[in-house]
1. Looking at GLN152, is it of a type in the set (S, T, N, Q) and either more than 26 Å from ASP172 (Cα to Cα) or within 16 Å of the chain's Cα centre (by Cα) (or both)?
2. Check off (1) under 21 Å from GLN98 (Cα atoms); (2) surrounded by fewer than 24 Cβ atoms within 10 Å (Cβ to Cβ); (3) in contact (Cβ under 8 Å) with a residue 24 or more places away in the chain; (4) out of contact with any helix residue (DSSP H, G or I) (no Cβ under 9 Å at 6 or more places or on another chain) for TRP185 and give me the number that stays unchecked.
3. What are the residues in the range 156-182 that are buried (at least 22 other Cβ atoms within 10 Å of the Cβ) and in a helix (DSSP H, G or I), if any?
4. Could you identify the single residue in ARG16, ARG24, ARG43 that is surrounded by 13 or more Cβ atoms within 10 Å (Cβ to Cβ) and out of contact with any Asp or Glu (no Cβ under 8 Å at 6 or more places or on another chain)?
5. Output the residues belonging to the range 187-208 that are of a type in the set (Asp, Glu) and under 16 Å from the mean Cα position of the chain (by Cα).
6. List the number of the failed condition for LEU125; all other conditions in (1) within 19 Å of LEU189 (Cα to Cα); (2) modelled with pLDDT of 95 or more hold.
7. Go through the range 90-107 residue by residue and tally those that are touching a residue at least 40 places away in the same chain (Cβ under 8 Å) and within 10 Å of the chain's Cα centre (by Cα).
8. Which residue is nearest to GLU173 (Cα to Cα), if the candidates are limited to the range 103-118 and must be of a type in the set (A, V, I, L, M, F, W, C) and touching a Ser or Thr at 6+ places or on another chain (Cβ under 9 Å)?
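The values are calculated or read from the model by the stated rules, or taken from the named source; none is laboratory data. What you are looking at is a predicted structure, and each value in this text was computed from that prediction instead of being measured. Methodologically, a virtual Cβ is constructed for each residue, glycine included, from the backbone with ideal geometry; neighbour enumeration extends over all protein chains shown.
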Amino acid sequence: MNQQDEEAFFERERKRMVDEQLRRRGIHEPRLLKAMLKVPRHRFVPLEHRHLAYVDGPLPIGAGQTISQPYIVALMTQLLLLEGDEKVLEVGTGSGYQAAILGELARVVHTIELHAELAERAHRLLQELGYQNIHVHIGDGSLGLPEFAPYQAIIVTAAAPKAPLALLEQLDEGGRLVIPVGGQWGQMLERWTRHGSQFEQEEFVPVAFVPLRGEAGWKENHWEQE
């Protein structure tokens, strides 16, 4: 298969993903669907798994990390309620795919990754794809990035024991934090919305993520439900 045929194949697979995995499950925000149609998910997947890039499930990307199921990427993004002028923080860059989706929908995206190799790989690919509004950082994402706060939206792509206080404090007034909370045997997807010094918590669906590592995450060799 030559490159032109390969790109046409992936474009068809991407359209099928949006129609069958997203629209049918209640992903309806037009800008989000357009972004999911546009971003080449297969570019963010290791070569040995590239043929599976648009299947309904997560895939390994190295360093014990995964690229999330397309539906979960879309659902978490939809819960952020982005309108286009937001400054967004992503905790857990991973492959860079979620950051690319956010980059299509927000004014600026700061994304932070604990694993330097993953961060550097994601940075190179995002630059290659032309995302000038996405800034990749290396560090402990469980503490956020206070130097760029406040954020109108924060998304965490790994499971935390609880919503980290540092992230809640970095939310702007009315800002939303979307995060999976729980341990090894399961988590719940939560959204926290800031109202002054108070935070509204909502729960959505059970999910399964790798652990959030860092000071406000799960410690190494400690990955079980509280």
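1. yes
2. (1)
3. Of everything in the range 156-182, just one residue is buried (at least 22 other Cβ atoms within 10 Å of the Cβ) and in a helix (DSSP H, G or I), namely LEU167.
4. ARG43
5. Scanning the range 187-208 gives a single hit, GLU190.
6. Among (1) within 19 Å of LEU189 (Cα to Cα); (2) modelled with pLDDT of 95 or more, the lone unmet condition for LEU125 is (1).
7. Final tally of qualifying residues: 12.
8. LEU105
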